[in-house]
Amino acid sequence: MAAILESWEANARQWIEVLDAGELESRRLATNGSVVHAITRWRPGLVLDAGCGEGWLCRALRELGIDTVGVDGVPELIHEARMRGEGHYELLTFEELVRQAQWPAAYFDLVVFNFCLYEKELTRNLLQSARRWVFPSGRLVIQTLHPFVALGTGRPYEDGWQVESWAGLPRAFSHPYKWYYRTISSWLDLLAECGWQLVQMEEPLHPKTGRPASLLITAQKAGQGHRH
Ligand SMILES: C[S@@+](CC[C@H](N)C(=O)[O-])C[C@H]1O[C@@H](n2cnc3c(N)ncnc32)[C@H](O)[C@@H]1O
């Protein structure tokens with residue numbers, strides 16, 4: 001079994017090709033638009049795209065006049081992001097991101113994790129640290145696999161490690177890895193434990209199947225009061 005980051009390094013080129021070819025229908029028809037909307041409705045000036053991959057979301061936000069910083073732990077993906085457009089990108093693993101001190105506190109209006117939170121404790125550490133990165137009523141947006149989609153026949157609905165078999169992807173991806181499955185209530189508990197207050201939970205639907213394409217969570221720092 002590969003470590004998660006090793007797996008993404010091994011699959012980086014294929015991932016770029018799959019996105020370029022628009023082969024992930026749920027992204028094209030549902031989840032890309034959903035996450036852009038979930039971000040832009042807060043009119044942020046500066047967004048941290050953590051686990052930005054080849055940078056499509058940063059590019060989409062920049063086209064709408066929003067400044068971005070993209071970070072990812074895979075050199076090939078960060079290289080690709082830098083080649084493809086303006087914008088600030090940094091090669092940083094999530095482990096490094098948790099400890100980073102180069103940005104001033106409360107630097108960002110919003111932090112987004114789009115389909116990149118696969119760990120158990122590291123995800124907890126990231127969400128706790130993310131409180132330091134955003135200003136007092138800053139937002140956190142997480143888009144992730146909807147837990148019902150990964151609820152295989154007979155599988156109990158409970159947290160636990162699962163093997164990523166790449167079943168939903170069109171090409172031959174290699175280096176399977178283990179990721180930590182969370183139920184919806186576990187995501188909400190985790191947010192609260194990490195000092196985030198739920199603002200909105202959405203379940204974007206795939207327009208062809210009518211099934212959830214993702215779980216999309218927006219939160220703000222707990223104890224700061226709503227600011228619409
Ligand atoms: C499914 S891709 C999503 C990329 C991008 N957010 C998007 O929407 O296309 C998952 C991303 O998470 C990144 N990632 C996973 N674990 C990481 C870690 N420990 N540190 C930094 N990046 C990580 C991978 O390199 C990959 O770019």
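Could you tell me the calculated FRET efficiency between Trp103 and Thr209, based on Cβ-Cβ distance and R0 = 30 angstrom, to the nearest 0.05? Intermediate results must be reported in sequence, preceding the final value.
Numbers: r = 40 Å, r/R0 = 1.34.
With R0 = 30 Å, the Cβ-Cβ based efficiency is 0.15.
Give me Rg over Rh for the stretch 1-140, both radii from the alpha carbons and Rh done the Kirkwood way, two decimal places.
Details: Rg = 14.5 Å, Rh = 15.4 Å.
Answer for the stretch 1-140: 0.94.
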Original post:
Based on the Kirkwood radius over alpha-carbon pairs, what is the Stokes-Einstein translational diffusion coefficient of the stretch 116-209 at 10 °C with 1.306 mPa s viscosity, in µm²/s?
Top reply: 105 µm²/s
Subject >> Sparse-neighbour loop sites [chymotrypsin sites (Phe, Trp or Tyr not before Pro); the stretch 164-228; at most 13 other C-beta within 10 Å; DSSP] >> reply: none
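If exposed means no more than 11 neighbouring beta carbons inside 10 Å and the site is in a DSSP loop, what's the longest run of the chain without any exposed trypsin sites (Lys or Arg not before Pro)? Mind showing how you got there, number by number?
Values: sites that count: Lys208, Arg227.
Formally, the longest exposed-site-free interval is 1-207.
Between the DSSP loop rule and a limit of at most 14 other Cβ atoms within 10 Å, which chymotrypsin sites (Phe, Trp or Tyr not before Pro) in the stretch 76-154 are left?
Details: sites: Tyr89, Phe94, Tyr107, Phe108, Phe113, Phe115, Tyr118, Trp133, Phe148; in loops: Tyr107, Phe115, Tyr118, Phe148.
Loop-located and lightly packed - Phe148.
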Original post:
Sorted from fewest to most neighbouring beta carbons within 10 Å, what does the list Thr68, Thr153 look like?
Top reply: Thr153, Thr68
Original post:
Got a sec? Which residues in the stretch 98-134 would a label at Asp159 touch, if it sits 7 Å along Cα→Cβ and we count backbone N under 18 Å?
Top reply: 116-130
Subject >> Amide H partners (placed H, <5 Å) of Glu164, local residues excluded >> reply: Tyr177, Lys178, Trp179
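No lab work stands behind these numbers, since they all come straight from the coordinates. Predicted, not measured: the structure shown is a model, and the values here were computed from it. Virtual Cβ from ideal backbone geometry, glycine too; neighbours counted across all protein chains shown.
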